[in-house]
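Student: Have a look at this one.
The values are calculated or read from the model by the stated rules, or taken from the named source; none is laboratory data. Predicted, not measured: the structure shown is a model, and the values here were computed from it. Neighbour counts are summed over all protein chains in view; Cβ atoms, including those assigned to glycine, are modelled from backbone coordinates with ideal geometry. Each accessible area value is taken on the protein alone, full model and side chains, heavy atoms only, with ligands, DNA and RNA left out. Shrake-Rupley method; radii C 1.70, N 1.55, O 1.52, S 1.80 Å.
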Amino acid sequence: MRVIAGKYKSRQLKSVKSNLTRPTTDRNKENLFNIIGPYFDGGAVLDLFAGSGGLGIEALSRGYEHLYSVDNQYAAFQVIKENFTMLKLANAHVYKLDYRKALKRFANEKLKFDLILLDPPYGKGLVDDILEFLIVNEMLNDECMIVVEELKEVEFKPFKELDLIKKNDYGITALNVFKFMAG
């Protein structure tokens, strides 16, 4: 697994040696960043089910300023820390927390995000509640992009503030890209 473009291009990343995480393939990562914009000028990223941290690191490499990576699995937390240390990332933070506790903490800290990366365990119905929490707690900057990887047959609850701007199917999964428009 490697960083595809930007400041850390071609740097190898460690991956989690566990069947509890699914690394995003380089092809899917490239497709994702082609959809949301290949490069960025600042902003904050939340990678809520971070695994090895590769997607969030890719976002930092392409110009985002701050990264908040969360994973509840100890092995994933350790690998993210190692990847951050190896790349000497100053504005990257990793949390070993349940996603609900992380969201509450960030809401209490009044954090707002420009990019949200959600790759939760498939088919568990977690996404609708997460999206609602982010909207209700005003954690999204205007035009925030939210990327959700989920089983392709999963339908999400509609929110008037979110537009589904792209859905790409990859085998049994789909990459869903939403754009937040403040009321």
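Student: Against the definition (over 22 Å from K17 (Cβ atoms), without any contact (Cβ under 8 Å) to a residue 60 or more places away in the chain and among the basic types (K, R)), how does K101 come out, yes or no?
Tutor: Taking the combined requirement at face value, the residue satisfies it.
Student: I'd like the full set of residues that are surrounded by fewer than 15 Cβ atoms within 10 Å (Cβ to Cβ), assigned to a strand (DSSP E or B) and of a type in the set (V, I, T), limited to segment 154-183.
Tutor: If the condition is that a residue be surrounded by fewer than 15 Cβ atoms within 10 Å (Cβ to Cβ), assigned to a strand (DSSP E or B) and of a type in the set (V, I, T), then I165 is the only one that fits.
Student: If you go through segment 133-183, how many residues are over 24 Å from F106 (Cα atoms), touching a Ser or Thr at 6+ places or on another chain (Cβ under 9 Å) and not aliphatic (A, V, I, L, M)?
Tutor: Of the residues in segment 133-183, 2 are over 24 Å from F106 (Cα atoms), touching a Ser or Thr at 6+ places or on another chain (Cβ under 9 Å) and not aliphatic (A, V, I, L, M).
Student: Residue by residue through segment 157-183, note down the ones that are under 17 Å from L103 (Cβ atoms) and among the aromatic types (F, W, Y).
Tutor: F159, F178, F180
Student: Then there is this: Would a scan of segment 35-54 turn up a residue that is of a type in the set (D, E, K, R) and open to solvent by less than 10 Å² (accessible area, probe 1.4 Å)?
Tutor: Scanning segment 35-54 turns up at least one residue that is of a type in the set (D, E, K, R) and open to solvent by less than 10 Å² (accessible area, probe 1.4 Å).
Student: Applying the selection to segment 107-121, what residues are open to solvent by less than 50 Å² (accessible area, probe 1.4 Å) and over 22 Å from R62 (Cβ atoms)?
Tutor: A107, P120
Student: Hey, can you tell me all the residues within segment 108-124 that are without any contact (Cβ under 8 Å) to a residue 12 or more places away in the chain and assigned to a loop (DSSP other than H, G, I, E, B)?
Tutor: E109, K110, K124
Student: Separate question: Select from segment 132-153 the residues that are more than 13 Å from K112 (Cβ to Cβ), open to solvent by 10 Å² or more (accessible area, probe 1.4 Å) and in contact (Cβ under 8 Å) with a residue 24 or more places away in the chain and list them in ascending order.
Tutor: The answer is E132, F133, M145, E149, L151.
Student: Please enumerate the residues belonging to segment 62-86 that are more than 26 Å from I135 (Cβ to Cβ) and open to solvent by 10 Å² or more (accessible area, probe 1.4 Å).
Tutor: Q73, Y74, A75, F77, Q78, V79, K81, E82, F84, T85, M86
Student: Only one of A44, A50, A59 is touching an Asp or Glu at 6+ places or on another chain (Cβ under 6 Å) and under 18 Å from Q12 (Cβ atoms). Can you tell me which?
Tutor: A50
Student: Separate question: Scan segment 150-176 residue by residue and report those that are aliphatic (A, V, I, L, M) and within 18 Å of E132 (Cβ to Cβ).
Tutor: V154, L162, L164, listed by residue number.
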